[in-house]
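Here, each number is a calculation from the coordinates, and none is a lab measurement. Since the model is a prediction, treat every value here as computed from it, not as a measurement. All Cβ positions, even for glycine, are placed from backbone atoms using ideal geometry, and neighbour counts span all protein chains on display.
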Amino acid sequence: MSLLVVGLSHRSAPVSVLERASLAAETQSKLLQDALAAEPAAEATVLATCNRIELYADVDKFHAGVAELSTLLAQHSGVGLDELTPYLYVHYEDRAVHHLFSVACGLDSMVVGEGQILGQIKDALALGQETHTAGRLLNDLFQQSLRVGKRAHSETGIDRAGQSLVTFGLQQLAGGADTADWARGKRALVIGAGSMSSLAAATLARTGVAEIVVANRTRARADRLVEILGQAGGTGVTARAVEMAAVSDELTRADVVVSCTGATGLVLTGETVAGALGLPFDAAATAVEAPAEPGADLDQHAAWVENGSATTTAQAQAVRRATVPAQSTGPVRLALLDLAMPRDIDGAAARLDGVRLVDIESLAEASADAPMAADVDQVRTIVADEVAAFGAAQRAAHITPTVVALRTMAADVVAGEIARLDGRLPDLDEKQRAEITQTVRRVVDKLLHAPTVRVKQLASEPGGAGYADALRELFDLDPQTVAAVSRADLNDPNRGRS
């Protein structure tokens, strides 16, 4: 296994970089095709969410793989390599497995324990399967990560250690007040009708808002979300759908706005928010300055593998604090929750009188010092155990084609010797011939049983990769036969089903 992951997330990069590096669906597919065309990568898939962009690959050369994957991320994101490199982190082999399992359990999420990442990992696996860029390693890895994530949520209280991003965001909007008390009777505008926006609408309904207006580029999806909200009995919420063109008008009546669309530009500008509140807008006065970005070069990646990520936690938090816009003071007339990446709502809106804006940056800042539940330690133990088990299984699987090829060779030898016996003793009846054949097979099986079982055990241990080579050398196995067994296993139609 030569698993490599190169990526950036809310822990290593400011949202200004993350949103510029975000990848559209078609860009992700092209990235994977180009990754496979690159010499170091045999298979690849990408995990792209609002908080992380990670490229996973099976590579045969570490340094070349890091350089190639970093370059590809820069090319497809449109962010220059020199600018992107300081925020990239690298994980290799067991550390890469540990990273993905931690991500799947919600340990690396902005809000610890959130479960939405499991659906995003499933999407990443599906993308690799659809583009035929995910092979045996990544299929096994991502499917196991889903099982590990589900195990963490079912066996521990990790859900209590954190909350969904939506719930956490609403709590930040409430400013310390009880969320239900804060939301009661409010009019909410939800922009977007995707999975995150749908979750936000459902959460708002349960929290107790009086009305939800859904605006979406595709009206049919907005209508469908409103229909679902109407079926969620017991909330008492009034819901209706509007066209995106009506957002400005609805903004004048809204108390709280949640936006999460796939737009590449701003959905709500500072000027639009100011107009809805009847306030003057001075772009210069409300401009948000971007922080200076740290420098680094690509050669540092090898050191980062040993020492962690490109940006330390303290550095990352400092970058985030510098990018969170200053909030206005005084009574809140309009609460804005921006869950999109790239952002939907102009950060300058936060400086308008009576506006409170919570976005990805401020959520990261608020969650950085959030208390960690004791269950987190239990999840970390689960992750460590699962990483060890996955590594052992992969090492054992690596030798399986060689063992199969050895047993195939032994079966061919038995068949050849029985054929020779038929020529020398043509008078053997079927019963005698069957008994002799069975006896010879039993002898061969007994001779091969102990060494093949033992070599699988040895191969599953750290440093056991060389046993497959030793077995091929000792028994003079044809490498093409071993490769054929591997291809047959990889092309199993039941493989890669999530």
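For the peptides 382-394, 418-430, 252-264, the ranking by mean Cβ contacts within 10 Å, running from highest to lowest, is 252-264, 382-394, 418-430. Sequentially through the stretch 120-133, phi angles give Karplus couplings (6.51, -1.76, 1.60; θ = phi - 60°) of 6, 5, 4, 5, 5, 5, 4, 5, x, 6, 5, 8, 6, 9 Hz, Gly and Pro residues having no value and appearing as x. Between the amide H of ASP359 and those of ASP338, distances stay under 5 Å, these residues lying 5 or more places away or on another chain, with hydrogens modeled in the peptide plane.
Shape of the stretch 2-44 from the C-alpha gyration tensor: oblate (a/c of 1.5 or more and a/b not above b/c, with a ≥ b ≥ c the square roots of its eigenvalues). Seen through its C-alpha gyration tensor, with square-root eigenvalues sorted a ≥ b ≥ c, the stretch 112-213 comes out oblate because a/c lies at 1.5 or above while a/b is not bigger than b/c. Between ARG224 and ALA210, the simple label model (points 7 Å from Cα in the Cβ direction) yields a spacing of 3.1 nm.
When peptides 81-89, 239-247 are ranked by their average number of other Cβ atoms within 10 Å per residue, the highest-first order is 81-89, 239-247. Remark on VAL257: its backbone amide H falls under 5 Å from those of LEU189, ALA335, LEU336, LEU337, a criterion applied only to residues 5 or more positions apart or on other chains, H modelled at 1.01 Å from N.
When you count the other C-beta atoms within 10 angstrom of each residue and take the mean per peptide, 212-219, 431-438 line up highest first as 212-219, 431-438. For the pair THR238 and ARG424 in one chain, pulling the backbone fully straight at 0.36 nm per residue adds 57.9 nm over the alpha carbon distance. Residue by residue, the stretch 211-228 carries 3J(HN,Hα) couplings of 9, 10, 10, 10, 10, 8, 4, 9, 4, 4, 5, 5, 4, 5, 5, 4, 4, 5 Hz when phi is fed to the Karplus relation 6.51 cos²θ - 1.76 cosθ + 1.60 (θ = phi - 60°); x denotes Gly or Pro. Past 30 Å, Cα to Cα: identify those pairs from LYS61/LYS122; LYS30/LYS456; LYS30/LYS122; LYS431/LYS456, in the order given. Where the Cα-Cα span goes over 30 Å, the pairs concerned are LYS30/LYS456; LYS431/LYS456. Derived scalar couplings between HN and Hα for the stretch 251-261 equal 5, 5, 9, 7, 9, 9, 10, 10, 10, 7, 10 Hz in order, rounded to whole Hz, by the Karplus curve 6.51 cos²θ - 1.76 cosθ + 1.60 (θ = phi - 60°), x for Gly and Pro.
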